[in-house]
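Presented below is the structure to which this report refers.
The values are calculated or read from the model by the stated rules, or taken from the named source; none is laboratory data. Source: prediction; values computed, not measured. For neighbour counting, all protein chains shown are included, and Cβ atoms are generated from backbone atoms with ideal geometry for every residue, glycine included. Surface accessibility is based on the protein's heavy atoms, side chains included, excluding ligands, DNA and RNA. Shrake-Rupley method; radii C 1.70, N 1.55, O 1.52, S 1.80 Å.
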Amino acid sequence: QTEGGVKSLLQAGRTLLCLCSCERRLHCTAFGLRFLVPATGALYNEDDFVIMTTTEKEKYKCLLPSLTAGEEDDEKEYSGPSPGELLNPLFKRSSCSYRIESYWTYEVCHGKHIRQYHEEKETGQKISVQEYFLGNMAQKGQSTEPSECLCKSKSIMHFVPTKNIEGQLTPYYSLEMGNGTPCVLKQNQPRSTSVLYVCHPEAKHEILSVAEVTTCEYEVVVLTPLLCAHPKYRFKSSPVNAIFCQALAGSPLQPQRLAQLDKEQEEQLKPPFSAGVGWWKYEFCYGKHVHQYHEDKEQGKNIVVVGNWNAEEHIDWAKKNVARSYQLKDDGVQKVKLVSHFYGHGDVCDLTGKPRQVIVKLKCKESESPHAVTVYMLEPQTCQYILGVESPVICRILDTADEHGLLSVSS
């Protein structure tokens with residue numbers, strides 16, 4: 001409800017009150033059992049507040065923080081490593097990043113090559129691979145060592161190119177790769193790719209996007225924390241300050257309608273999501289398990305446990321992998337667009353002798369139907385799976401994810 005420039009919003013598991021204003025961008029803070037203003041950070045004046053009123057006439061007093069000074073000017077003279085030198089450790093490690101989509105898998109081996117491939121199991125467990133190289137580093141007489149050809153210059157760049165990436169004008173460092181697989185549609189000219197490296201402090205060199213900008217010419221965006229040491233490439237997040245709210249006399253700690261919506265959204269995650277065509281179908285029960293099963297009229301239901309949930313094991317996995325990915329909205333606000341959860345200790349795989357395991361990717365997918373769910377299963381390695389779950393239900397809870405990708409949804 002909007003009243004006097006104030007709007008109340010909801011996230012699953014948290015009731016939020018936010019100020020809607022053109023002059024201030026303020027972060028919403030959940031209600032708590034105590035009214036607490038931190039001793040550090042933004043300053044609060046008890047006279048600077050707003051009264052929020054719900055449709056049920058519940059009233060809340062919310063203290064507004066004083067505006068804090070912005071970051072220091074990043075345009076000061078910079079004499080540190082060049083962008084190529086900052087990326088040099090990534091190339092020396094021979095590190096590769098992967099992006100798995102519904103059919104194709106993309107492999108970016110930094111400073112070496114980019115590969116697009118699809119694997120299918122044929123009769124007798126034989127694996128058939130369809131692949132294209134979208135670019136290689138060794139081209140037109142370039143050195144095969146990216147650390148040499150990229151990082152010799154230590155001159156300060158006066159111009160840094162920018163690109164609109166997910167609604168945000170973003171500086172990037174481009175690495176050109178050519179000499180890919182010949183393209184039939186372009187008289188067998190080799191495929192080529194521009195790899196755009198973008199600063200993101202929480203990234204782990206993951207692939208943000210892959211696009212074919214023209215026939216057989218591609219663009220790959222990679223998020224990396226390495227470039228953030230250079231002020232001209234630094235990630236610029238919108239400044240946020242917390243709002244602290246207290247229920248006034250006669251009002252509940254949490255507005256009734258928001259509490260009801262909290263409960264409804266939590267209930268939507270409880271039933272298992274099921275999908276699949278052909279012999280095998282898949283069942284995902286959030287915070288419990290992932291099953292693969294086949295139903296037969298005579299023999300009943302044959303279930304294979306792909307993975308079971310264990311919070312501690314997931315946190316260990318999240319410390320080494322990307323558990324939370326972001327997108328930037330038009331107004332510069334950073335939003336969580338996907339979280340990944342690790343489910344291990346599935347049934348033992350006959351081919352590897354090891355327990356099955358699966359990475360569950362929960363992604364926001366807008367739809368006219370609020371309860372629509374898309375579920376797909378991939379097997380990039382033998383008995384190691386990726387389960388994609390996309391739904392409008394997920395959109396409403398992704399921003400509750402912590403640094404390990406764990407959502408604030410009650411069991």
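In segment 273-289, the residues that are in the same structural domain as GLY344 (by the TED database) form Cβ pairs under 6 Å with partners that are at pLDDT below 60 and part of a loop (DSSP other than H, G, I, E, B), at six or more places apart or across chains, as follows: TYR282/GLY276. When every residue of segment 27-47 is checked against the conditions, at least one turns out to be modelled with pLDDT of 50 or more and buried (at least 17 other Cβ atoms within 10 Å of the Cβ). Going residue by residue through segment 74-83, is there one that turns out to be modelled with pLDDT of 85 or more, of a type in the set (Gly, Ala, Ser) and more than 28 Å from ALA211 (Cβ to Cβ)? Taking every residue of segment 74-83 in turn, at least one turns out to be modelled with pLDDT of 85 or more, of a type in the set (Gly, Ala, Ser) and more than 28 Å from ALA211 (Cβ to Cβ). Identify, please: which residue in segment 343-359 is aliphatic (A, V, I, L, M) and open to solvent by 60 Å² or more (accessible area, probe 1.4 Å) and is, among those, modelled with the lowest pLDDT? Checked segment 343-359; the qualifying residue modelled with the lowest pLDDT is LEU351. Do you know which of the residues in segment 365-378 that are at pLDDT 70 or above and open to solvent by 40 Å² or more (accessible area, probe 1.4 Å) is nearest to ILE100 (Cα to Cα)? Filtering segment 365-378 for residues that are at pLDDT 70 or above and open to solvent by 40 Å² or more (accessible area, probe 1.4 Å), the one nearest to ILE100 (Cα to Cα) comes out as TYR376. Flag: TYR218 does not match the condition of being modelled with pLDDT of 90 or more, within 22 Å of GLU85 (Cβ to Cβ) and open to solvent by less than 40 Å² (accessible area, probe 1.4 Å). Residues in segment 77-124 that are aliphatic (A, V, I, L, M), open to solvent by 20 Å² or more (accessible area, probe 1.4 Å) and closer than 19 Å to TYR233 by Cα: LEU86 only.
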